[in-house]
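Encoded as structure tokens, the structure appears first; notes follow it.
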Amino acid sequence: MRVMVLGAGGMLGHDLVATAPPEVTLFPFPRATLDITKHDAVAATLADVRPDVVINAAAYTLVDRAESEPQEAVRVNGAAVGALGRMARQVGARVIHFSTDYVFDGTATEPYTEERLRHPINAYGMSKLAGEKDLRASGAECLIVRTQWLFGVHGKSFPKTMWERARAGRATKVVRDQTGRPTYAPDLAAAVWTLLRRGVCGVMHVANRGEATWLDVAAHIFARAGKPDLLTACATADYPTPARRPRYSVLDTARAEQALGGPLPTWEDGIDRFLASPL
Ligand SMILES: NC(=O)c1ccc[n+]([C@@H]2O[C@H](COP(=O)([O-])OP(=O)(O)OC[C@H]3O[C@@H](n4cnc5c(N)ncnc54)[C@H](OP(=O)(O)O)[C@@H]3O)[C@@H](O)[C@H]2O)c1
């Protein structure tokens, strides 16, 4: 099977490449070699590679900056994804694309199923919602994987920052009133390869097992660093950011568990493997 990975230099893109199964002929494209907003280049590359599947891990992911440049976020996360879908349909390639818990407003009190009403509360979430809609409208055969709170060895992430602060002995305040599912990028990548092999289409929530606040995640990491006393709780209101965040955005992963034959490992297990890797 011929598989193109776009955004191959990003956190998830890197782990998709690293975990590709042997039967896959992989064509990884970091941003430097293929910009997904350059439609002519994307079309030429599709014609050249003739992929069976295109995995789009490229995205505009600067959540706070998107508030001041929403058009740029939509250009990458919306319009380019729709165009990719149309081009993929023309060459008969399936598309696997990633979306986010930030398409939801976070007012729920129980995990979000795939069908729940999407109502983003920030510009990044709106751009990702545009991508979901444009890809579905393109007519391409596709799987949209919504995930959340990703962390991995490549790139910045909250767990990495917490580990660095704990190791440096820095007192740290973390919000206790946002709840989600921390997700280890290699676990997500492995699940995606399984879903790809099984030909799963539609929308699917994939995240590590369990739920946590950011404070829970930080507490786990500071405990592992032997520095639990350096951590204190605060509220989102005490830590204003340009973009609003959903208060509760836990994704219901029952559909993925059915398709994969079981849940992903717990987020704590993911954090422990992350901390055991060379950071
Ligand atoms: N991180 C999370 O917590 C999270 C949560 C939910 C969903 N997701 C989704 O998961 C997917 C992967 O995210 P990630 O965490 O791996 O993000 P990431 O580390 O920021 O990777 C995204 C990659 O896309 C590249 N890119 C940006 N604009 C591009 C363009 N026009 N053409 C080609 N490549 C471009 C970036 O390159 P540069 O670095 O050079 O800009 C980067 O390498 C995204 O769809 C994201 O929305 C992420």
Practice problem: Only one of these is charged (D, E, K, R) and on the phi > 0 side of the Ramachandran plot: Arg31, Arg50. Name it. | Solution: Arg50
Quiz item: Within region 85-119, can you find the residues that are in a loop (DSSP other than H, G, I, E, B), touching a Phe, Trp or Tyr at 6+ places or on another chain (Cβ under 8 Å), in contact (Cβ under 8 Å) with a residue 24 or more places away in the chain and at negative phi?
Solution: Phe104, Thr107, Ala108, Thr109
Quiz item: Just checking, which of Ala44, Ala88, Ala93, Ala66 is modelled with pLDDT of 95 or more, more than 16 Å from Met4 (Cα to Cα) and over 15 Å from the mean Cα position of the chain (by Cα)?
Solution: Ala66
Quiz item: For Ala219, are the conditions met, namely being under 16 Å from the mean Cα position of the chain (by Cα) and closer than 24 Å to Pro265 by Cα?
Solution: no
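Conditions tested, residue by residue: (1) within 9 Å of the ligand (Cβ to nearest atom); (2) closer than 30 Å to Gln90 by Cβ.
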residue	(1), (2)
Leu143	no, yes
Gln148	yes, no
Phe151	yes, no
Gly155	yes, no
Phe158	yes, no
Glu164	no, no
Arg176	no, no
Tyr184	no, no
Exercise. Would you mind listing the helices (runs of 4 or more DSSP H) fully within region 185-271 where at least 3 residues are open to solvent by 60 Å² or more (accessible area, probe 1.4 Å)?
Key: 254-260
Quiz item: Across region 53-70, what is the number of residues that are closer than 24 Å to Ala140 by Cα and open to solvent by 70 Å² or more (accessible area, probe 1.4 Å)?
Solution: 1
Quiz item: Out of all the residues in region 1-25, which are touching a residue at least 12 places away in the same chain (Cβ under 8 Å), surrounded by fewer than 16 Cβ atoms within 10 Å (Cβ to Cβ) and over 17 Å from the mean Cα position of the chain (by Cα)?
Solution: Met1, Arg2, Pro21, Glu23, Thr25
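The values are calculated or read from the model by the stated rules, or taken from the named source; none is laboratory data. From a predicted model like this one, the values you see are computed outputs, not experimental measurements. No Cβ is skipped: glycine too gets one built from the backbone with ideal geometry, and neighbour counts run over all protein chains shown. Side chains are part of the model used for accessible areas, which takes the heavy atoms of the whole protein and leaves out ligands, DNA and RNA. Shrake-Rupley method; radii C 1.70, N 1.55, O 1.52, S 1.80 Å.
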